[in-house]
1. Could you compute how much accessible surface Thr33 exposes when probed at 1.4 Å, giving the result in Å² to the nearest 10?
2. Taking K and R as +1 and D and E as -1, what net charge do the other residues with C-beta under 14 Å from the C-beta of Leu11 add up to?
3. Counting only the backbone N, which residues of the stretch 67-84 are under 18 Å from the spot 7 Å out from the Cα of Phe133 toward its beta-carbon?
4. May I ask you to compute the full-extension gain from Arg100 to Leu11, defined as 0.36 nm times their residue separation minus their alpha-carbon distance, rounded to one decimal in nm?
5. How high is the relative contact order of the chain, in percent, counting Cα pairs under 8 Å that sit 6 or more residues apart?
6. Which one, Leu114, Leu44, Leu26, has the greatest fluctuation when you compute a Gaussian network model over the chain with C-alpha springs under 10 angstrom?
7. Give me, ordered by chain and number, the residues 5 or more places off Asn85 or on other chains with an amide H under 5 Å from its own placed amide H.
8. What per residue convex hull volume, in Å³, do the alpha-carbon atoms of the stretch 1-100 yield?
Amino acid sequence: MGLALLIDDDLPLLESIRRAANLNELAFETAATWDEGLGLFHVLAPSVVIADYHMPNSRNGLQLLAEIKRLRPSVRVVLVSAYINDEDVERVEALNVVDRALRKMDLTTVETILDEIRLANESDHELTDWVAFANARVRAAQASGEELDRLDEFFKTNRAP
């Protein structure tokens, strides 16, 4: 069975996901900071990492998600943020650093996160698609640090509280 790692400090969201995951017999691990999340990423080798963009007392952003992709390109990475709009979702996904970006304020966010956890739980039953792995590695290597920094700065200036 594969594993999902959810990096977020939003306790009400985590509790909603935990209750729904328990009802559906889905397994996932959580971390409250990026540093804790990266540590668990190394130890647990999850199939999917679902991470909040902005957490107090933690580093921000896309650079860390890009780091996860560079470390293991086959991991599915999902960004979740309360501070992005639909246009931002498109901008983030166009960078090819994350597989998916979600707005926390959407009514479907919990269900979408559960779908990602379900996908991770079922992933170990599939053979590795080495072509997809190689393509993911190329995309991760092409992610421009400057481009990620500009988008991080835009979010900090225009979206974060």
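1. Taking all protein chains as shown, Thr33 has close to 40 Å².
2. Values: positive: Arg18, Arg19, Lys104; negative: Asp8, Asp9, Asp10, Glu15, Asp52.
Around Leu11, the charge tally is -2.
3. Inside the label zone: 68-77.
4. Stretched fully, the Arg100-Leu11 segment lengthens by 29.9 nm.
5. Numbers: 231 pairs, mean separation 45.5, N = 161.
Result for the chain is 28 percent.
6. In the Gaussian network model the winner is Leu44.
7. So Asn85 has HN proximity to no qualifying residue.
8. 99
The values are calculated or read from the model by the stated rules, or taken from the named source; none is laboratory data. Predicted model only: the values in this text are computed from it and were never measured. So basically every Cβ, Gly included, is an ideal-geometry build from the backbone, and we count neighbours across all protein chains shown. Quick note on the areas: whole protein, heavy atoms, side chains included, nothing else; ligands and nucleic acids left out. Shrake-Rupley method; radii C 1.70, N 1.55, O 1.52, S 1.80 Å.
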